[in-house]
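For reference, the structure is listed below as structure tokens.
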Amino acid sequence: MASKSIFKILTPNTRIYLWIIGILIGILAFYEPKISAVGVVVLGYLVYHHWKNVHLKRFEWTKYIEELTKEFDSATKHAILNLPIPLVMVEVSGSISWYNPKFADVINKTGLLNKNIDEIIPNFNIDDIMSSEQEMSIEASIDDRNYKVLYNVVKSNKESINKENYIIMLYWVDITNFSKLKEKYNDEKINLALIQIDNYDEVKNSTDETNRPIILAEIDRKINTLAHRINGLIRKYENDKYIIVFEHKYLNMLENKKFDILDEIREVKQGNTIPATLSIGVGVNSKNPANLYEFATAAMDIALGRGGDQAVVKKIDNLSFYGGKSKAVEKRNKVKARVIAYALRQLMDQSDRIFIMGHKVPDMDSFGSSIGVHRAAMNRDKEAYIVLNDVNPSIQNVYNRMLEQQPEYLNYIIKSEKAEQMVTKGSLCIVVDNHRPDYVEAPNLLKLIDKVVIIDHHRRGVSFIEDPVLTYLEPYSSSACELVTEILYYMDDKLNLERFEAEALLAGISVDTKNFTFKTGVRTFEAASLLRRAGADTTSVRQLFQDDLNTFIAKADVVKNARILEDNIAISTLVRDGNDTMLVTAQAADDLLNIMGIKASFVLALSEGLIRISARSLGDINVQLILEKLGGGGHLTTAGAQLENIDLHEAEKMLESAIKEYFEKGDEK
């Protein structure tokens, strides 16, 4: 630091020299005044000369800077005017204040000043640009050209207005070639479709032996024709299973036609008494072929879980559904029930504690099947508990019957908080009459317990419990109680049931079949006969469905206030909120189907801050597809949904829109 200071002192400087001369002249004036006078004159001249040189250099430098600035402004203007890309300046209001010739050439127009950019380029939103916190680009199309619009918001102050003003500069970069290349790349990406004949054995067995080769060949021909239409590679790897690899550009064609191959296969008639149906799972937009196969397999599982006769397209996390118009065909072969029963028995034997739960606000089917599974665990000498937080009117009668006939069951019914505290490492969780994690009675149990079993009869929805160790999902079945009854039959050599338990299971079947009217197959009656043999009394079961006077009046009011939509759909609302809301809406929806000409019914009600919808159908209208548009689900003839943060009027409008969309898209059967 000291050497730098000395260096600065020794550096030549005119001012320092003048000061030294002045000091020396002062000293000389003390000894020789006359001579010093001459020195003063000389010093004055030197000072003047120094000042003149400094002033002249400053003037010349300022002039140079000004000329350079002018040249720079001229170059900037020239560059902007001759910019090789379209450029336009827009006010905050969207009014065009300036544009270069390239922009005029792009849109083939002149005289654009003071016109709004929305008039030239529809859907070009200035507000999005102004609201963006950071500079970014947007894309726009003009005629058949695509552009990436880079923008810059410039701030300026107007003298006449003491307010900040903005000018938006839009730079248009032509990306048409890139867009075409991107489109070509996406079109040529590979998709994978898995196709399975849902009821191969049933169709074959329902056809005369002489016609069997003909109908199977016809199905095979139609599937191969589909592959030919989309230029796909098809391979048949089992009697009833196919795989097709095709380019992505053909997917839109399949979706626009709503996978009409489903209808074509269903219409094949070669002496078969049971129509053939297909399930299709399509995997799209995967990183590699292995993941693509996983997507297609997951889509196929969902299609089968929803009852078959439909196509499911899986695009990463997005699912699209097509078809699903027909009822799930009952499978008379009970091999799967026997296998599930054996597997469940093994899981129970390996567990030290078992927790059983249904869905929130349980109904007779949910509670009855829980009681049935609890009996299966008790038969294996296992510690088992039913998770139940509240007793609602739907199960009040069967709960009271339990207190009268089986009071010891109270020791095995616990709330979700206590269940969470009792979980052990070897615990097993069995979910009945539900497969959606957000609808279970105790969602945290699914996180605490590794081994989860699902026994359900609803069509599979988008939401599904992750990684269950055992899944028994059969949409053809009338109820979860029917499935549990079959499991009980195959778990032991003898159906070991108490009378109350048998009646609870039979009550669950009766509720979901509307007293053996809907979704009732051969196996439903077989299950009912097993329960009747175990001691269930039909008269005693009928008493479980008796309502009090207030509930009966509430149902009558709902039916009275119903209005007709589309000539065959009844819609009504329950305006009061009570603890029997769910029971009233479900039963009122059933009662509305008794009106002549009504093919589907929807009843809405406000309950616990949610809008709950109960839907019923005679089978001609798929209420499941309608309520899936509102986030619900269920079956073709029975479905439900819950809506949050809206009132009854808004919910009605949403429901009407979903019904209208259902008919416009031709989803009806």
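Scanning segment 251-288 for residues that are in contact (Cβ under 8 Å) with a residue 40 or more places away in the chain, of a type outside the set (Asp, Glu), outside any loop (DSSP other than H, G, I, E, B) and surrounded by fewer than 17 Cβ atoms within 10 Å (Cβ to Cβ) yields a count of 1. For segment 621-631, the set of residues classified as open to solvent by 10 Å² or more (accessible area, probe 1.4 Å) and under 25 Å from Asp580 (Cα atoms) consists of Glu628, Leu630, Gly631, listed by residue number. For residues in segment 539-549 being within 24 Å of Gly368 (Cα to Cα) and aliphatic (A, V, I, L, M), which is surrounded by the fewest Cβ atoms within 10 Å (Cβ to Cβ)? The selected residue is Leu544. Arg338 falls short on exactly one of the conditions (1) buried (at least 16 other Cβ atoms within 10 Å of the Cβ); (2) part of a helix (DSSP H, G or I); (3) touching a helix residue (DSSP H, G or I) at 6+ places or on another chain (Cβ under 6 Å), and that condition is (1). Restricting attention to segment 561-588, the residues being among the polar types (S, T, N, Q), surrounded by fewer than 17 Cβ atoms within 10 Å (Cβ to Cβ) and farther than 20 Å from Asp363 by Cβ number 2. Would you mention how many residues in segment 605-620 are buried (at least 18 other Cβ atoms within 10 Å of the Cβ) and within 24 Å of the chain's Cα centre (by Cα)? Residues in segment 605-620 being buried (at least 18 other Cβ atoms within 10 Å of the Cβ) and within 24 Å of the chain's Cα centre (by Cα): 5 in total.
Looking only at residues of segment 224-240 that are farther than 17 Å from Phe259 by Cβ and in a strand (DSSP E or B), we find that the one that is most open to solvent (accessible area, probe 1.4 Å) is Arg235.
Scanning segment 589-604 for residues that are open to solvent by 10 Å² or more (accessible area, probe 1.4 Å) and in contact (Cβ under 8 Å) with a residue 40 or more places away in the chain turns up just one, Asp590.
Residue count for segment 185-223 under the criterion of being open to solvent by 60 Å² or more (accessible area, probe 1.4 Å), among the polar types (S, T, N, Q) and either under 26 Å from Val284 (Cβ atoms) or part of a helix (DSSP H, G or I) (or both): the result is 1. Residues of segment 550-560 include at least one that is exposed (fewer than 15 other Cβ atoms within 10 Å of the Cβ) and over 23 Å from Met596 (Cβ atoms). The set of residues in segment 649-669 being closer than 25 Å to Gly609 by Cβ and either open to solvent by less than 40 Å² (accessible area, probe 1.4 Å) or free of Cβ contacts under 8 Å to residues at least 40 places away in the same chain (or both) consists of His649, Glu650, Ala651, Glu652, Lys653, Met654, Leu655, Ser657, Ala658, Ile659. Screening Met402 with (1) more than 34 Å from the chain's Cα centre (by Cα); (2) in a loop (DSSP other than H, G, I, E, B) gives one miss only, at (2). Answer yes or no as to whether Leu636 is part of a loop (DSSP other than H, G, I, E, B), in contact with a helix residue (DSSP H, G or I) (Cβ under 9 Å, 6 or more places away or on another chain) and in contact (Cβ under 8 Å) with a residue 24 or more places away in the chain. Yes: the conditions hold for Leu636. Of the strands (runs of 3 or more DSSP E) contained entirely in segment 407-477, those carrying at least 1 residues that are modelled with pLDDT of 90 or more and open to solvent by 10 Å² or more (accessible area, probe 1.4 Å) fall at 451-456, 470-473.
The values are calculated or read from the model by the stated rules, or taken from the named source; none is laboratory data. Computed from a prediction, not measured in an experiment: that's the story for all the values here. All Cβ positions, glycine included, derive from the backbone under ideal geometry; neighbour counts span all protein chains shown. We work out accessible area using only protein heavy atoms, side chains counted, and drop any ligands, DNA or RNA first. Shrake-Rupley method; radii C 1.70, N 1.55, O 1.52, S 1.80 Å.
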